[in-house]
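Undergrad: The structure that follows is given in the form of structure tokens.
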Amino acid sequence: MRTLRFYVILLLLPSLLAGCVETNILDKVGLVTLVGYDVGTEEKISTTAVVREVNPEFQSNVQVITTENKTSKGNRMKTNRKLSKKIMVGQMRVILLSEELAKDNIHHYIETNLENASVSNSLYLAVVEDQMASLLEYKYKNIEDVGQHIYRLLEQNIQQEHMISSTLHEIAHDMYMAGNDIAMPIIKKDEELVGISGIALFKGDKMVGRLSAEDSFFVKLIRDNFKSGIFETVLEKDNIPSDILKTKPNEVSLAFDAIRSKRELKLVNPTTPEFDLNLKVKAQILEINPDVNLDDPKKVAKLEKAISKNLTSDILRIIDYGKSIESDVFGFGEKYRSSVRGSNLTNEKWHELYKNMKVNVKVDFVIIRNGVFE
């Protein structure tokens, strides 16, 4: 009898414990999908939260609420006072930082979200041109939920390799790893549209420069391997092989997709320092204007050589810009640290070395016909 009583209690115990756990029913909470940080008045933090509320009929309502306080936790309490439902951050997918704030210091905002166990490390971070609140509070004609729109905008461009990835995990890795710097997309409001306008480059925890959205292709090519993607390039008259067309045009425009690339980075001189960057790129031509006969292997070989030269020039341009603002978002510092035993590399030491860094770039570009990879 005593044994039976023990098993009955054992069976009932999970249900008793479950009754003690706080449950969050969907129609009783407000789900924060996006949070934006801006510079506030009197040294306060200005926070704009996009909150989705679901009623018992599963109809949703989106509210955008801006508050100011000394801390982000204080802003969360203020936001709660303006809503009929308790806010939860477990569904947050994007953190936005105003450009003014990014140029000052973002360290606190990264740490605050890393320390919150409810915040996912896979959410995206981006910088916003101009004021944060004006972008999020605007009543767009064709955007019902601006938080969800920005999340999907970043997600699809990153997944298709049109833009560099900037998850909280990746940003934290680059911020705390000596020799690395942060890069993240820039979001801009353009009348009734919200789009990606560029890339923000950081030195430490401060934004120090920017590149165009199109230059994301070269940044990714330098620091990572492509698995897909699309890009467009233009061969100027001086770089067009003389005999691929009967009449030499002023330029040849080319678009590629199904890109595959392999990056090999080697430190050849730790004193300078000097690196060899070898890139093997394969891609299928989507469009070429004016038309070139790609059935002629000699013409294809000359075109490949011209494209390789063009890519090399753009890659060197991007690296030189990064050096000029002392922002290494490419991974050279990480390679140096892992290659030089006992380097005791710090960000300060690497930025000094980085200014005089030399990179020998070699691009081997191959045009894949009929969409078949070797």
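What follows is calculated from the coordinates using simple rules that are stated; it is not laboratory data. Being a predicted model, the structure only gives us computed values, none of them experimental. Cβ sites come from the backbone with ideal geometry, for glycine too, and all protein chains shown count toward neighbours.
Undergrad: ³J(HN,Hα) across segment 313-320 via Karplus (A = 6.51, B = -1.76, C = 1.60, θ = phi - 60°), whole Hz, x for Gly/Pro?
TA: Listing the rounded values in order: 4, 5, 5, 5, 4, 5, 5, 4 Hz.
Undergrad: Using θ = phi - 60° and the Karplus curve 6.51 cos²θ - 1.76 cosθ + 1.60, what whole-Hz ³J(HN,Hα) does each residue of segment 326-335 get, with Gly and Pro shown as x?
TA: Ordered by residue, 3J(HN,Hα) equals 6, 10, 9, 9, 9, x, 5, x, 5, 5 Hz.
Undergrad: In the chain, what % of DSSP beta bridges are antiparallel (nearest 5)?
TA: Looking only at bridges with both residues in the chain, the antiparallel portion is about 70 percent.
Undergrad: Non-local amide H neighbours of LYS203 (under 5 Å, H modeled in plane, Pro and chain starts lacking H): which ones?
TA: VAL208
Undergrad: Give the long-range amide H neighbours of VAL359: residues separated by 5 or more places, or on another chain, with amide H under 5 Å away, using H modelled in the peptide plane at 1.01 Å from N.
TA: The answer is PHE275.
Undergrad: Can you list the residues, at least 5 places off or on another chain, whose amide H is less than 5 Å from the amide H of GLY331, using H built in the peptide plane?
TA: Under 5 Å from the amide H of GLY331 lie the amide H atoms of ASP181, each far enough along the sequence or on another chain.
Undergrad: Here is a further query. Before rounding to the nearest 500, sum -39500 (n - 2.57) across all DSSP H runs of length at least 4 in the chain and divide by the residue total; then give [θ] at 222 nm in deg cm²/dmol. Spell out each step's value before the answer.
TA: On the way: 11 runs with 125 residues, N = 374.
Only helices count here, giving -10000 deg cm²/dmol.
Undergrad: ILE318: net charge of surrounding residues, Cβ under 13 Å, Lys/Arg +1, Asp/Glu -1, itself excluded? If you can, show how the numbers build up before the last one.
TA: Values: positive: ARG210, LYS220, ARG223, ARG317, LYS323; negative: GLU214, ASP215, ASP314, ASP320, ASP328.
My count for the surroundings of ILE318 gives 0.
Undergrad: R0 = 30 Å: FRET efficiency of HIS107 with SER134, Cβ-based, nearest 0.05? Write out the running numbers ahead of the final one.
TA: Working: r = 25 Å, r/R0 = 0.83.
With a Förster radius of 30 Å, E is 0.75.
Undergrad: What distance in nm separates the two pseudo spin-label positions at THR41 and ARG341, each 7 Å out from Cα along the beta-carbon direction?
TA: 6.1 nm
Undergrad: Would you work out the Kirkwood radius for the chain? I mean one over the mean of 1/r across all pairs of different Cα atoms, in Å. It would help to have the intermediate numbers written out before the result.
TA: Values: mean 1/r = 0.0422 Å⁻¹.
About 23.7 Å for the chain.
Undergrad: Using the Karplus curve 6.51 cos²θ - 1.76 cosθ + 1.60 with θ = phi - 60°, work out ³J(HN,Hα) for each residue of segment 158-169 in order, rounded to whole Hz, and write x for Gly and Pro.
TA: Whole-Hz 3J(HN,Hα) from phi for segment 158-169: 6, 5, 7, 6, 8, 9, 5, 7, 9, 6, 4, 4.
Undergrad: Can you classify segment 71-223 as rounded, prolate or oblate using the Cα gyration tensor, where a ≥ b ≥ c are the square roots of its eigenvalues, rounded means a/c under 1.5, and otherwise it's prolate if a/b beats b/c and oblate if not? Before the final figure, lay out the partial values.
TA: Values: a/c = 1.70, a/b = 1.22, b/c = 1.39.
In terms of gyration-tensor shape, oblate.
Undergrad: Of the beta bridges DSSP finds with both residues in segment 218-374, what % are antiparallel, to the nearest 5? Mind dumping the intermediate values first?
TA: Numbers: 21 of 31 bridges.
Around 70 percent of the beta bridges assigned by DSSP in segment 218-374 are antiparallel ones.
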